[in-house]
Amino acid sequence: MKIKKLLAIVLAMSMILVGCSSEKSETTKDKEENKSGVNSEYINLTMVKPTTINPVLNKDKSVGYIMNLIYDGLFTIDQNYNVVPQLVKEYSMSSDGKNMTIKLKDANWHNGNAITSNDIKFTIDLIQDNTDSPYNIFTKNISSVSIINNKEFTINFKEAYAFSKDTLIFPIVSQSQLSGKSSTEILENSKNLIGNGPYKIEKMKDREGMTLVVNEDYYEELPETMKNIKVGIVPNEEDQVSMVMALESDIASISLGDLSKFYEDEFNITNYEGRDYESIIFNYDNEYLKDENFRKAIAHAIDRKLIKEEAYIGNARLVNFPLNTKSKYYDSDLEALSYDKEKAESYLNMINLENRDAQEDIDESNEFNIQENQAESSEDSKDTDITNKDSETKNTKKELALNEIKDLINKINLKIIVNKNNEERVKAANIVSENLNAIGIKSTIEALEDDDMSKALSNKQYDLAFVGWELSSVPDARDIIKASGYSDAKLTGYMDSIAVATSDSQISAIYSNMQKYIRDKVAFISLVIRDEYIVKNIRLEGNSEPNDFDVYEGISNLTIKSK
């Protein structure tokens, strides 16, 4: 389950703490004027000292957020985690899903030169030539780029892939600025000052940071109130938070642990859906857990709302499938299996009974037919006696079977493993243990250190495991589903078909069916996606639209309070 993590963009196993909050009210109009050390004419941001500001080679998240203001890509991710066109004016996919033809918008670089098809090809080649680029994985399926003219080109893929469009979110860099430069030169800040986004670099000094000004020649309409930005340099992410606390910076992404440091009269705190997905997986080496009815009993026994409110303190979103809940592919109309103790107990009583009852019904039917044939000449009262006797025999057998199941359940003690360093998951595990005990299933919780947790998962030394994944920008849930350990022919069919779907409508339809099937089979139990936070100095007005790939999304909507 070890997966490479890429600049907050690719799928990775995640055991980190995250959290959430609600929107805080805006109060106290004058405090910041007296305390704040920020430049009042600018929105003030920070980033960790960059190794490079080349946006396709940079690996630091805080630098990447700033580069998102300066560089655009072919496509981008909106606040709902859906991929939408950015530099792309029109696009079409071939019927076999292996070629995407794109027409660019009439957009320019910050030096006034037009963005061309050659810039796209150069960027893709640069990423492919640098295997340590965080975007390299997104170009592995690209075989070539065919130039049609300055504004049109075709990206040729090695294989059809339903989410090819979602991989084209890397920033586009200028061929004229970087062509012919050495591997060292392309990292130099002086070679990466010309972007194509809504902000352009007016000046940059290594120690002082950079000044960003509004790109008046941007290809899209920008708000007239859009403010210029100053970006300071700090040693690490912790100092980014400290700068906001000291009123020396206006905006920062913060953790749950930092949340209590910020007061309502000086800051606005916005929570948004993050990418940390939490779930419970089953060990299918356990014979009991192979029984669908047993898994359904567990699912109906678990109070997910209580887990959200008490384990995650309300700082999360209930989820039924490993996709962001606002994704166009997530079926929000499909409800999870309800928390229902009676249903849970009824499913427990059906464990291994369906096949037994079917066989018993056959045996009893045969026995009854024999008796009926032998008694054809008997009186009607005798037939009635036989029928009643058979009914009593059947009920007696069922009672014996139910007692056998109860005895079996009394012997079960499920081993639940959880990362002891993840407080929310430990709390969730205790709630689940109590829920299971309420329907007669005993369990033992083992809270493990990171390494021991990984070993237990690898060696299948558990019955239920609380795990987390960091969702990718590419809404391909198959890796998470495979890692759950559940597999059958129908699910495999869904997985195979979604990989080669050629339209959004096809993907949505397959995902909807897959989501329902996984729910009904209880292949695994989805719990929540945790929230993330942005804190803003109260001197800023307006609403931004952050997501975990771009925390400054919508910064153009922010204005500065007048004195």
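Among the conditions (1) assigned to a loop (DSSP other than H, G, I, E, B); (2) touching a residue at least 12 places away in the same chain (Cβ under 8 Å); (3) open to solvent by 20 Å² or more (accessible area, probe 1.4 Å); (4) closer than 21 Å to V474 by Cα, N149 misses just one, which is (4). Note on segment 290-334: residues that are in contact with a Ser or Thr (Cβ under 8 Å, 6 or more places away or on another chain), open to solvent by 50 Å² or more (accessible area, probe 1.4 Å) and part of a loop (DSSP other than H, G, I, E, B) amount to 2. When D78 is tested against (1) modelled with pLDDT of 95 or more; (2) within 29 Å of the chain's Cα centre (by Cα), only condition (1) is not met.
When you look at D166, is it open to solvent by 70 Å² or more (accessible area, probe 1.4 Å) and in contact (Cβ under 8 Å) with a residue 40 or more places away in the chain, yes or no? Answer is no for this residue.
Just to be sure, is Y347 touching a residue at least 24 places away in the same chain (Cβ under 8 Å) and more than 24 Å from E532 (Cα to Cα)? Yes. Residue count for segment 429-471 under the criterion of being touching a strand residue (DSSP E or B) at 6+ places or on another chain (Cβ under 6 Å) and of a type in the set (G, A, S): the result is 7.
In segment 436-449, of all residues being among the charged types (D, E, K, R) and outside any loop (DSSP other than H, G, I, E, B), the one that is surrounded by the fewest Cβ atoms within 10 Å (Cβ to Cβ) corresponds to K442. Between L348, L414, L337, L408, the distinction of being modelled with pLDDT of 50 or more and exposed (fewer than 14 other Cβ atoms within 10 Å of the Cβ) belongs to L408 only. Residues in segment 183-204 that are surrounded by fewer than 16 Cβ atoms within 10 Å (Cβ to Cβ) and farther than 16 Å from N58 by Cα: E202, K203. Would you mind telling me which numbered condition in (1) in contact with a Phe, Trp or Tyr (Cβ under 9 Å, 6 or more places away or on another chain); (2) open to solvent by 20 Å² or more (accessible area, probe 1.4 Å); (3) modelled with pLDDT of 95 or more S433 fails? Checking S433 against (1) in contact with a Phe, Trp or Tyr (Cβ under 9 Å, 6 or more places away or on another chain); (2) open to solvent by 20 Å² or more (accessible area, probe 1.4 Å); (3) modelled with pLDDT of 95 or more, the one that fails is (1). Of all residues in segment 247-265, those satisfying the criterion of being in contact with a strand residue (DSSP E or B) (Cβ under 9 Å, 6 or more places away or on another chain) and surrounded by fewer than 20 Cβ atoms within 10 Å (Cβ to Cβ) are E248, S255, D258, L259, K261. Being modelled with pLDDT of 95 or more and under 17 Å from F282 (Cα atoms) is a property that does not hold for S508. If the condition is being over 12 Å from Y42 (Cα atoms) and not aromatic (F, W, Y), then segment 211-224 contributes N215, E216, D217, E220, E221, L222, P223, E224. Given the criteria open to solvent by 30 Å² or more (accessible area, probe 1.4 Å), under 28 Å from A509 (Cβ atoms) and modelled with pLDDT of 95 or more, does E273 qualify? The answer is no for E273.
The values are calculated or read from the model by the stated rules, or taken from the named source; none is laboratory data. Small disclaimer: the values here were computed from a predicted structure and weren't measured. For neighbour counting, all protein chains shown are included, and Cβ atoms are generated from backbone atoms with ideal geometry for every residue, glycine included. Calculation scope for accessible area: heavy atoms of the full protein, side chains included, ligands and nucleic acids excluded. Shrake-Rupley method; radii C 1.70, N 1.55, O 1.52, S 1.80 Å.
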